[in-house]
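The structure under discussion appears below in the form of structure tokens.
Values quoted throughout were computed directly from the atomic coordinates according to the rules given, and no laboratory measurement underlies them. Nothing here was measured: the structure is a model prediction, and the numbers come from that model. Because the Cβ atoms are built from the backbone with ideal geometry, glycine has one as well, and the counts that use them run over all protein chains shown.
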Amino acid sequence: MKTLSLNWLTKMDCSKSLKIISYLFILNLAPFQLQKSNPEVAFHAKQGFIQLVIWLLIPYALLIPLVGWVLGVVLLVANIALMVAGIYSVVKGKNNYVPFIGKFVEKILS
């Protein structure tokens, strides 16, 4: 019987997975709990947390007629684009700030 080997799974792979999870909605809270001491994971988790807050604000924006609808759609599209930018940064192995919110995150959540 052949056994499953997980030798290919290194600490870096796990760290990269946690960085990607940082940008995925409510799953963003997992990297905070699993690797609090890793500064690279924390960097991406902080940016993902601000995006989570934006996701939670979108339904409230949609409650406002006309202006809220436009604002909600703009926030939705922008947040998806920022999520993709963050994940792309992780896949490329860089710690780039997510546009528009990256510098803000460092000031607020430092």
Are any of the pairs Lys36/Lys92; Lys46/Lys107; Lys46/Lys103 more than 19 Å apart by Cα-Cα distance, and if so, which? Lys36/Lys92
Along the stretch 17-34, Karplus-curve 3J(HN,Hα) (6.51, -1.76, 1.60; θ = phi - 60°) to the nearest Hz, with x for Gly and Pro, reads 4, 5, 5, 5, 4, 4, 9, 9, 6, 6, 5, 4, 6, 5, x, 4, 7, 7
Computed lengthening from Gln33 to Asn96, 0.36 nm per intervening residue step minus Cα-Cα distance: 20.5 nm
Whole-number percent relative contact order across the chain, with pairs defined as alpha carbons under 8 Å at least 6 apart: 24 percent
Ellipticity estimate at 222 nm from DSSP helix runs (n ≥ 4, -39,500 (n - 2.57)) divided over the chain, nearest 500: -21000 deg cm²/dmol
Using 0.36 nm per residue, how much length does the chain from Val53 to Val77 gain when fully extended, once their Cα-Cα distance is taken away? 7.2 nm
In debye to the nearest 20, the charge dipole size for the chain, taken about the Cα centre with +1 at each Lys and Arg Cβ and -1 at each Asp and Glu Cβ, equals 300 debye
By how many nm would the segment from Tyr60 to Ser17 lengthen if fully extended, with 0.36 nm per residue of separation less the alpha-carbon distance? 12.4 nm
